[in-house]
Each structure stands twice: as C-alpha cells, then as structure tokens.
Amino acid sequence: MTDFIGLDVHKKYFHATVLEESGDVLIQKNFPNDSGGYDSLLAVTREDVKVALEATYAWEYVFEELEDRVEEIKLAHPKRTEAITKERIKTDVRASEALAKLLRMGWLPEAWAPPKETRKVREKLRRRAYLVWKRTGFKNKIKADLAKLGIRKKVSYSDEGGSGSEIWRLTR
C-alpha cells in the first residue's frame, strides 16, 4: 500500500494531507517546517510514500529533506495545478488535499526538479554572480566617492603584475 502526501509549505510550518490508495484521508495536519516536522510526518505513514509539493520559494529545502527518505517526490507546477483545481478559496487544507489527489490519480502537472548535483552547481554559480555584482558595485562606489572629493585619477584594483591580488591604489 502506498500513501500519497500533498504538502502546502509555508515558512514556519507545512500542512500535510495523507491519502490511502483508496482516496481516504488518513491525516490532515500542520507540522513544523523543519527536520523534526518531516520526521513526525513520515513516522505516521507507511513505508511506500509519494509526495507532491508546489514549486514555490521553499521547495528546495523540502525536496532535499525528503528526496532520500520517500519512494517518490514530485514538484507540482503552480499555474497548471491552479488551472486544474480551479479553486476560488485557497486554504492550506484544500491545497494539500488537491496535491495529494492529483498525485494519487496521476494527474499532477509537474515542474522539473534538477538533480542534487545540478542544484549544488547552480547555487554556487548564483552565489558567485551575486558576489561579482556586489564587488562591482563597491568598486563603482569607491570611484564615485573619489570623484566627489575631486580625485580624478585612474583607480586600479590589482597590482601591476596582474596577479589579481586586489591591491587598491591610485595611479598617476
């Protein structure tokens, strides 16, 4: 027997709906959005568990918490899921139940979840791009502040050997 879980994830908690293969609701409950909360949820389910959650801002943490602990985890495409369920009043209970039902019936509109290694590389690249952007901003700010003080000399951020050791100095 497989349990189908729909998760409506929030910053501090998640709402879970657990369905049996027959479609009967086993659990509808809030859990803290941390490792202990996921442990508590999985402690009350069977071994064969399939999970669906919307691809929202917090999906990566939840995905990584569960991907090695459940049989299958899927990301639901938020817009396509909304189009299928056509719910006017969205509550945590309705959202998690809709995800569990769509997963159980095989109708869940999926969003692609990159493999763990790809996610790690992407995070490193995003972090580096952000740091380069910030560094450029700081360099431009220094140049602007020097210009405000009437210092119109060329500013170099590396030594003359080109080693890139970030020695800041004014050149004449």
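The values are calculated or read from the model by the stated rules, or taken from the named source; none is laboratory data. Treat the numbers as computed from the prediction; the structure is a model and nothing was measured. When we count neighbours, we look across all protein chains shown, and the Cβ atoms used for this are built from the backbone with ideal geometry, even at glycine. Ligands, DNA and RNA are excluded from the accessible area calculation, which covers all protein heavy atoms including side chains. Shrake-Rupley method; radii C 1.70, N 1.55, O 1.52, S 1.80 Å.
So the values come out like this:
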| quantity | calculated |
| --- | --- |
| Any hit, region 18-25, residues being touching a residue at least 12 places away in the same chain (Cβ under 8 Å), buried (at least 16 other Cβ atoms within 10 Å of the Cβ) and touching a Leu at 6+ places or on another chain (Cβ under 8 Å) | yes |
| Selection status of Val155, at pLDDT 90 or above and not assigned by the TED database to the domain that holds Tyr57 | no |
| Test: residue in region 38-46 that is open to solvent by less than 80 Å² (accessible area, probe 1.4 Å) and assigned to a strand (DSSP E or B) | no |
| Residue among Lys134, Lys139, Lys101, Lys148 that alone is at pLDDT 90 or above, open to solvent by less than 50 Å² (accessible area, probe 1.4 Å) and more than 21 Å from Glu60 (Cα to Cα) | Lys139 |
| Flag for Val49 being in contact with a Ser or Thr (Cβ under 8 Å, 6 or more places away or on another chain), hydrophobic (A, V, I, L, M, F, W, C) and assigned by the TED database to the domain that holds Asp8 | yes |
| Subset of region 1-11 (residues that are touching an Asp or Glu at 6+ places or on another chain (Cβ under 9 Å) and farther than 10 Å from Val51 by Cα) | Met1, Thr2, Asp8, Val9, His10 |
| Top-ranked residue of region 109-131 - restricted to ones that are among the acidic types (Asp, Glu) and without any contact (Cβ under 8 Å) to a residue 12 or more places away in the chain, ranked as most open to solvent (accessible area, probe 1.4 Å) | Glu117 |
| Matching entry among Lys12, Lys79, Lys86 (being farther than 30 Å from Glu123 by Cα and either touching a Lys or Arg at 6+ places or on another chain (Cβ under 7 Å) or surrounded by fewer than 19 Cβ atoms within 10 Å (Cβ to Cβ) (or both)) | Lys86 |
| Residue satisfying condition, being among the charged types (D, E, K, R), modelled with pLDDT of 90 or more, surrounded by fewer than 18 Cβ atoms within 10 Å (Cβ to Cβ) and in a strand (DSSP E or B), within set Lys74, Lys50, Lys29 | Lys29 |
